[in-house]
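Here is the structure we will look at.
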Amino acid sequence: MVDLVEIGCFATIVGLNTAGFFSDKIPLQVNMTLQALAIIVFGAKRSVMELIKEFKKIHVDKKAGVEGEGIETMTKDDVMQFPLYAGGTLCCLYGLIKYVGKEIVNPLLLAYMGLGGSVSIKALLLSTGMPVFESLDSKVLFHLKIGFMEIDQDITMLDILSLVISYIMVGIYILTKSWIYNNILATLLSMNAIQMLFLGNFKNGFGMLVALFFYDIFFVFGTDVMLTVAKSIDAPIKILFPTDWSEDPAKFSLLGLGDIVIPGIFMAMCLRYDILRSLNVKAVNRLAEKGEAGEVVTMLRKASGNAPTPYFNGCVLGYIIAIIITVVVMLVFEHGQPALLYLVPGCLGSVLINALRFGELSSIWDFSEENFVNDEHAKDK
């Protein structure tokens with residue numbers, strides 16, 4: 001079920017976008033920081049529910065390993081390849097914009113984003129816990145298998161409903177070119193990515209963030225690729241913030257989804273680590289060994305609401321400081337900034353400080369979400 005924090009996140013996003021529709025006087029530092037954090041906090045909290053749901057599915061419902069469902073845990077190879085794929089995709093988009101034209105690239109990208117949006121909408125509908133959506137998701141219409149795309153899953157009535165809603169929103173965006181609809185779609189995509197993408201362990205998290213730290217610096221300061229793509233692509237790959245309604249066309253600042261999702265999935269892992277470290281691990285292991293996985297699920301749900309979250313809170317503080325520095329530097333030098341240049345040290349630095357503070361460097365380094373879900377976490381803190 002949706003809790004008060006999640007409602008607060010939605011209220012923040014809706015309120016700031018509504019206010020931005022009528023006024024360009026909201027300080028950019030405040031607008032950008034609050035919207036990005038609202039997306040991250042919502043996605044992170046939902047990711048905890050995904051972890052609990054996955055544990056319950058495996059150990060209580062005995063339904064492990066359903067293709068195309070559940071959380072996606074990144075491997076070491078995924079982490080090593082991610083910056084290469086990201087750079088390759090960015091360069092391909094740059095080349096298409098330069099030599100084919102954004103008039104052709106943008107419709108194709110919007111069609112693709114519509115598919116991604118449908119996945120986000122489905123996740124959002126299911127997260128409400130309403131029986132009607134769960135019922136629709138249980139009604140399988142057909143099975144879809146596309147070998148070269150590695151798609152092999154059942155298509156339900158909820159999938160079709162989510163697809164229709166997503167493409168209606170994309171259609172409205174195409175007709176109106178409204179920045180509001182851009183932000184709605186971009187927000188849904190970001191929330192779903194943070195909710196569903198699991199880094200698996202802090203080794204992967206540190207490795208990916210460090211690699212993307214240099215990736216962002218290179219493509220912003222070393223080439224015109226990043227800024228050209230960001231300004232040319234007319235699709236929900238960024239959150240827009242109105243800064244001047246008096247000019248025609250109006251002026252906007254932007255924050256790429258990567259600057260929300262990449263730190264966001266790391267911060268979500270920190271929140272899940274906080275939840276798990278708050279438990280009496282020996283007691284949890286004894287319950288699991290006795291086959292009382294249902295009791296473990298109850299403990300996890302309780303901890304998700306009242307456990308102390310120093311690592312997550314530290315990351316939030318680091319993110320706030322970093323995003324404010326990003327905006328200030330951007331305004332002073334009047335040039336787009338690689339936000340990860342500031343966000344990565346803010347997030348990684350906060351985790352290292354807390355790990356040293358609590359004497360948990362080895363626990364952080366050995367932590368594995370996959371081992372926990374598969375009931376192999378028989379190590380005391």
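In what sequence do Cys315, Cys91, Cys270 fall when counting other Cβ within 10 Å, fewest first? Numbers along the way, then the final one.
On the way: Cys315 30, Cys91 14, Cys270 26.
Least crowded to most crowded, the residues run Cys91, Cys270, Cys315.
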Ranked on Cβ counts within 10 Å of their own Cβ, fewest leading, Asp274, Asp259 go Asp274, Asp259
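Would you list the membrane-span-like helices of the chain, meaning whole DSSP H runs whose alpha-carbon atoms span at least 24 Å along their axis and whose mean Kyte-Doolittle value is at least -1.0? Before the final figure, lay out the partial values.
Working: long enough: 4-22 (27 Å, 1.57); 28-59 (47 Å, 0.56); 76-99 (35 Å, 0.40); 102-127 (36 Å, 1.08); 157-176 (29 Å, 2.05); 179-196 (25 Å, 0.81); 258-277 (28 Å, 1.05); 310-333 (34 Å, 2.24); 340-358 (26 Å, 1.59).
Both cut-offs are met by 4-22, 28-59, 76-99, 102-127, 157-176, 179-196, 258-277, 310-333, 340-358.
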Based on a Kirkwood Rh over C-alpha pairs, give the Stokes-Einstein translational diffusion coefficient of segment 306-368 at 4 °C and viscosity 1.567 mPa s in µm²/s. 101 µm²/s
Three principal axis lengths of the chain [C-alpha, angstrom, descending]: 67, 53, 39
Regarding segment 166-260, what are the three Cα extents along the principal axes, ordered largest first, in Å? 46, 33, 19
Report the FRET efficiency, 1/(1 + (r/R0)^6), for Lys203 and Thr89, where r is their Cβ-Cβ distance and R0 is 22 Å, rounded to 0.05. 0.35
So for segment 79-127, considering every pair of alpha-carbon atoms, how many percent are separated by more than 17 Å? 55 percent
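Run the numbers for Glu134 and Val164: contour at 0.36 nm per residue of separation, minus the present Cα-Cα distance, in nm.
Working: separation 30, 0.36 × 30 = 10.80 nm, distance 1.74 nm.
Difference between extended and current length: 9.1 nm.
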Mind scanning Lys98/Lys122; Lys203/Lys231; Lys76/Lys98; Lys98/Lys177 and naming the pairs with a C-alpha gap bigger than 32 Å? Lys98/Lys122; Lys203/Lys231; Lys76/Lys98
Non-local residues with an amide H under 5 Å from the amide H of Thr156, with H modelled 1.01 Å from N and Pro and chain starts lacking one, are Leu141
Computed [θ] at 222 nm, deg cm²/dmol, the chain (DSSP H ≥ 4; -39,500 (n - 2.57); rounded to nearest 500): -23500 deg cm²/dmol
Would you mind ranking Val328, Val119, Val296 so that the residue whose beta carbon has the fewest other beta carbons within 10 Å leads the list? Val328, Val119, Val296
Give me, ordered by chain and number, the residues 5 or more places off Thr243 or on other chains with an amide H under 5 Å from its own placed amide H. Lys251, Phe252, Ser253
Here, segment 101-140 modelled as identical Cα point scatterers in vacuum has Debye log10 I(q)/I(0) at q = 0.20 Å⁻¹ of -0.64
Once the piece of chain linking Leu175 and Val329 is laid out straight, how much longer is it, given 0.36 nm per residue of separation minus the C-alpha distance between them? 51.9 nm
Please say if segment 157-208 is rounded, prolate or oblate, where rounded means a/c under 1.5 for a ≥ b ≥ c the square roots of the C-alpha gyration tensor eigenvalues, and otherwise the choice is prolate for a/b larger than b/c and oblate otherwise? oblate
Two-decimal Rg to Rh for segment 1-50 - Kirkwood Rh, Cα set: 1.05
Could you work out the Kirkwood radius for segment 98-211, taking every pair of different alpha carbons, averaging 1/r and inverting it, reported in Å? 16.2 Å
How many percent of DSSP beta bridges within the chain run antiparallel, rounded to 5? 85 percent
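Values quoted throughout were computed directly from the atomic coordinates according to the rules given, and no laboratory measurement underlies them. Being a predicted model, the structure only gives us computed values, none of them experimental. Here Cβ is always computed from backbone atoms with ideal geometry, including for glycine, and neighbour counts include all displayed protein chains.
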